[in-house]
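Student: Following this message is one structure expressed as structure tokens.
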Amino acid sequence: MSDLAGAPSLASSALKQEELFPIREVSRLTGVNPVTLRAWERRYGLIQPTRTESGHRLYSQADIESVRSILAWIERGVAVSKVGKILAKSGAMKAAAAPVYQEVTSGEWADWQTQLRRAVANFDESRLDRLYGQVFSSYPLPVVFQDVLMPLWQELLIRQDDYGQTSEWLFLDSFLRSRVLQRLQNLRAQVEERVLIAALPGHCRELELLVAGLLLGGPEVAVSVLGLGQPLEELALVCDKMQPQALVLFSNQPPSSDLPRLLSRLVLAVNCPLVLAGDGSDLAEDSLHGSPIACLGNEGRLMQRRLQQFLAGHLDT
């Protein structure tokens, strides 16, 4: 029986005008059962759906994105009781980073994701390529990846246990990796100054690392992405040969207790400034405060700006 059963016309009106969804539809879209969704609301306050006059829950597109973010953090090993603080900080950073795009509703991005999802489900690379180009003609690069493409990629990744989802995720992942690599190569051909980015072992997937490199790069600095699996103990050798302006370590996982000690050793070994970026850098920021290691965060619209400030000596660590 639907969570909207017996609800008055107010519910259907809200669904149509405000793009709200009943709990069972949210469960279908995210793979999270209704019992868990209610627990995340009541026990942890992670999502706050609106209610019809008869008390039935209605979820916005922003609520659905929050559910997917919660799932992503749980996948990375963060306890559900700690996710709320992370989401609040991330939300505040996004609001500060892109006031110009506040008028762009998440519903617009969801419309693009629906079209992209359909192309992926049909394994239609030509259609996917056209949509990819159209999205880029509509929004700046950080919005394209952080608000449109990567949430869809993450959604398919989380749902890999469903029949066909692994194939769809691999199809999208391969497509995006090839396009991001092409963009990185084009930028490197135009700019001489270089920053290196490498992943902490086991802390992200290849596409996440490549996208981070793309978001960090700009007209003044090109980013070279070191291969996934790059040994940390050999980074001093790589930096000595390549002479980068800075070395960025990327992590999308909760930091281990010995991370500050590991980074303190590394900063003494390499011949360039050391920076931490990604979701993990937000969680490690307090433990690294006062050290020479800068934290850039995970918000694409701020990471590039902070890197430039750090290289110019204007970012506190």
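The values are calculated or read from the model by the stated rules, or taken from the named source; none is laboratory data. These figures come from a predicted structure and were not determined experimentally. No Cβ is skipped: glycine too gets one built from the backbone with ideal geometry, and neighbour counts run over all protein chains shown.
Student: Against the condition surrounded by fewer than 18 Cβ atoms within 10 Å (Cβ to Cβ), hydroxyl-bearing (Ser, Thr, Tyr) and under 26 Å from the mean Cα position of the chain (by Cα), how does Ser256 come out, does it pass?
Tutor: In short, yes.
Student: State whether the residues of the stretch 161-170 include one that is β-branched (Val, Ile, Thr), out of contact with any Phe, Trp or Tyr (no Cβ under 7 Å at 6 or more places or on another chain), under 28 Å from Gln113 (Cα atoms) and not in a helix (DSSP H, G or I). If you could, list the steps in order and put the result at the bottom.
Tutor: Narrowing the stretch 161-170 to residues β-branched (Val, Ile, Thr): 166.
Of the ones still in play, those that are also out of contact with any Phe, Trp or Tyr (no Cβ under 7 Å at 6 or more places or on another chain) are 166.
Keeping just the survivors that are under 28 Å from Gln113 (Cα atoms) gives 166.
Filter again for not in a helix (DSSP H, G or I), leaving none.
No, there is no match, as no residue in the stretch 161-170 is β-branched (Val, Ile, Thr), out of contact with any Phe, Trp or Tyr (no Cβ under 7 Å at 6 or more places or on another chain), under 28 Å from Gln113 (Cα atoms) and not in a helix (DSSP H, G or I).
Student: Something else about it: From the set of residues in the stretch 172-194 that are in a helix (DSSP H, G or I) and among the charged types (D, E, K, R), which is surrounded by the most Cβ atoms within 10 Å (Cβ to Cβ)?
Tutor: As a first pass, look at the stretch 172-194 and keep what is in a helix (DSSP H, G or I): 172-190.
Then keep just the ones that are among the charged types (D, E, K, R); that gives 173, 177, 179, 183, 188.
On the way: Asp173: 16, Arg177: 15, Arg179: 18, Arg183: 16, Arg188: 16.
Applying the filter and picking the extreme gives Arg179.
Here's the yes/no breakdown for (1) more than 27 Å from Leu116 (Cβ to Cβ); (2) in contact with a Pro (Cβ under 9 Å, 6 or more places away or on another chain); (3) surrounded by 14 or more Cβ atoms within 10 Å (Cβ to Cβ):
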position	(1), (2), (3)
Leu196	yes, yes, yes
Ala212	no, no, yes
Leu215	no, yes, yes
Gln243	yes, no, no
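Student: In the stretch 128-142, what residues are modelled with pLDDT under 90 and buried (at least 20 other Cβ atoms within 10 Å of the Cβ)?
Tutor: Pro142
Student: Across the stretch 217-241, which residue is surrounded by the fewest Cβ atoms within 10 Å (Cβ to Cβ) among those that are of a type in the set (Val, Ile, Thr) and either touching a helix residue (DSSP H, G or I) at 6+ places or on another chain (Cβ under 9 Å) or part of a strand (DSSP E or B) (or both)? Show your work before the answer.
Tutor: Looking only at the stretch 217-241, we keep the residues that are of a type in the set (Val, Ile, Thr), and these are 221, 223, 225, 238.
Those left that are additionally either touching a helix residue (DSSP H, G or I) at 6+ places or on another chain (Cβ under 9 Å) or part of a strand (DSSP E or B) (or both): 221, 223, 225.
Details: Val221: 20, Val223: 25, Val225: 25.
Here the residue is Val221.
Student: When the stretch 246-280 is examined, which residues are found to be farther than 12 Å from Cys204 by Cβ and assigned to a helix (DSSP H, G or I)? First the steps, then the outcome.
Tutor: Taking the stretch 246-280 and keeping what is farther than 12 Å from Cys204 by Cβ, we get 246-248, 254-276.
Leu259, Pro260, Arg261, Leu262, Leu263, Ser264, Arg265, Leu266, Val267, Leu268, Ala269 - these are the residues of the stretch 246-280 that are farther than 12 Å from Cys204 by Cβ and assigned to a helix (DSSP H, G or I).
Student: Quick one: in the stretch 27-60, of everything that is part of a helix (DSSP H, G or I) and aliphatic (A, V, I, L, M), which residue is modelled with the highest pLDDT?
Tutor: Leu37
Student: Hey, could you check the stretch 270-303 for residues that are surrounded by fewer than 19 Cβ atoms within 10 Å (Cβ to Cβ) and of a type in the set (Asp, Glu) and say which is nearest to the chain's Cα centre (by Cα)?
Tutor: Selected residue: Glu285.
Student: For the structure I just gave you, tell me whether Glu208 is of a type in the set (D, E, K, R), closer than 20 Å to Val143 by Cβ and outside the structural domain of Arg127 (by TED's automatic domain parsing). Before you say what the answer is, go through the steps one by one.
Tutor: Working: of a type in the set (D, E, K, R): yes; closer than 20 Å to Val143 by Cβ: yes; outside the structural domain of Arg127 (by TED's automatic domain parsing): yes.
Considered against the rule, which asks whether it is of a type in the set (D, E, K, R), closer than 20 Å to Val143 by Cβ and outside the structural domain of Arg127 (by TED's automatic domain parsing), Glu208 comes out as yes.
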